[in-house]
Amino acid sequence: DQQVKQNSPSLSVQEGRISILNCDYTNSMFDYFLWYKKYPAEGPTFLISISSIKDKNEDGRFTVFLNKSAKHLSLHIVPSQPGDSAVYFCAASTGGSQGNLIFGKGTKLSVKP
Amino acid sequence: DAGVTQSPTHLIKTRGQQVTLRCSPKSGHDTVSWYQQALGQGPQFIFQYYEEEERQRGNFPDRFSGHQFPNYSSELNVNALLLGDSALYLCASSLVSHEQFFGPGTRLTVL
């Protein structure tokens, strides 16, 4: 059974608009959440993370929101740029940032000029 | 500063053979984790090495084994290859309390 779910396989957004990528999880023991971006033929690139003691973390155009009661997190990208087009993976851990990461299946984001 | 490097880039093997994949961590990182990414799936944790010991292990059979060397580099060995072992194998390195950084991966095809 999947502990981390990304229910939208793909998302298309116009350049300059907001991209919202969603992730749901089932394990209440997760204490750390991360978002990675992956281009074809490259490994995942770390984007942003959030500890379970927080509900929001912001880094430039990227903001992650965590709703523990709903077991839901989201990544907001504002404004979206064509270079943001990639597959985005949500990951969670029970051992902080170094614990083994449980990944979702990914959401392919396409940002159209 | 070189990031995480992996070799080889691509590999083709036949069923029953054995394979060794290699990983050099990012400079200064002491922990190496290995993940398997099947097509259309997210990466799945295989195991993690720290101080040359296996610290955590995911749900993978004993055919998957690893090693970490004193210079923190690591190897992943897979014995008795099955068709289902065809995947992208990712290595990630990290330092205590910091995020994991991934290499470009090794694409393994088992025929």
| field | Only one of B:LEU90, B:LEU76, B:LEU81 that is part of a loop (DSSP other than H, G, I, E, B), open to solvent by less than 10 Å² (accessible area, probe 1.4 Å) and touching a residue at least 12 places away in the same chain (Cβ under 8 Å) | value | B:LEU81
| Does region A:53-104 hold any residues that are surrounded by 17 or more Cβ atoms within 10 Å (Cβ to Cβ), within 14 Å of chain B (Cβ to nearest Cβ) and assigned to a loop (DSSP other than H, G, I, E, B), and which are they? | A:GLN98, A:GLY99, A:ASN100, A:LEU101, A:GLY104
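Counting only residues that are among the hydrophobic types (A, V, I, L, M, F, W, C) and under 18 Å from A:LEU11 (Cβ atoms), which one in region A:37-51 is least open to solvent (accessible area, probe 1.4 Å)?
A:ILE48
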| remark: Every listed condition ((1) open to solvent by less than 10 Å² (accessible area, probe 1.4 Å); (2) outside any loop (DSSP other than H, G, I, E, B)) holds for B:SER65 save (1)
| query | In region B:1-19, how many are away from chain A (no Cβ under 14 Å), more than 16 Å from the chain's Cα centre (by Cα) and in a loop (DSSP other than H, G, I, E, B)? | reply | 5
| query | Could we say that B:LEU111 is of a type outside the set (S, T, N, Q), open to solvent by less than 10 Å² (accessible area, probe 1.4 Å) and in contact with a strand residue (DSSP E or B) (Cβ under 7 Å, 6 or more places away or on another chain) here? | reply | no
| request: Test A:PHE30 against the stated conditions and say whether it is crowded, with 20+ Cβ neighbours inside 10 Å, within 14 Å of another protein chain (Cβ to nearest Cβ), out of contact with any Pro (no Cβ under 8 Å at 6 or more places or on another chain) and of a type in the set (A, V, I, L, M, F, W, C). | output: yes
| note | All-but-one check, A:GLN2 against (1) within 14 Å of chain B (Cβ to nearest Cβ); (2) surrounded by 15 or more Cβ atoms within 10 Å (Cβ to Cβ), failing number (2)
| task | Inspect all residues belonging to region B:27-37 and state whether any of them is within 9 Å of chain A (Cβ to nearest Cβ), open to solvent by 30 Å² or more (accessible area, probe 1.4 Å) and on the phi > 0 side of the Ramachandran plot. | result | no
| task | Please work out if B:ARG22 is within 11 Å of chain A (Cβ to nearest Cβ), open to solvent by 60 Å² or more (accessible area, probe 1.4 Å) and in contact (Cβ under 8 Å) with a residue 40 or more places away in the chain. | result | no
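The values are calculated or read from the model by the stated rules, or taken from the named source; none is laboratory data. What you see is a predicted model, and the numbers here were worked out from it, not measured in a lab. Note that each Cβ is placed from the backbone with ideal geometry, even for glycine, and that neighbours are counted across all protein chains shown. Just so you know, the surface numbers come from the protein's heavy atoms only, side chains and all, with ligands and any DNA or RNA stripped out. Shrake-Rupley method; radii C 1.70, N 1.55, O 1.52, S 1.80 Å.
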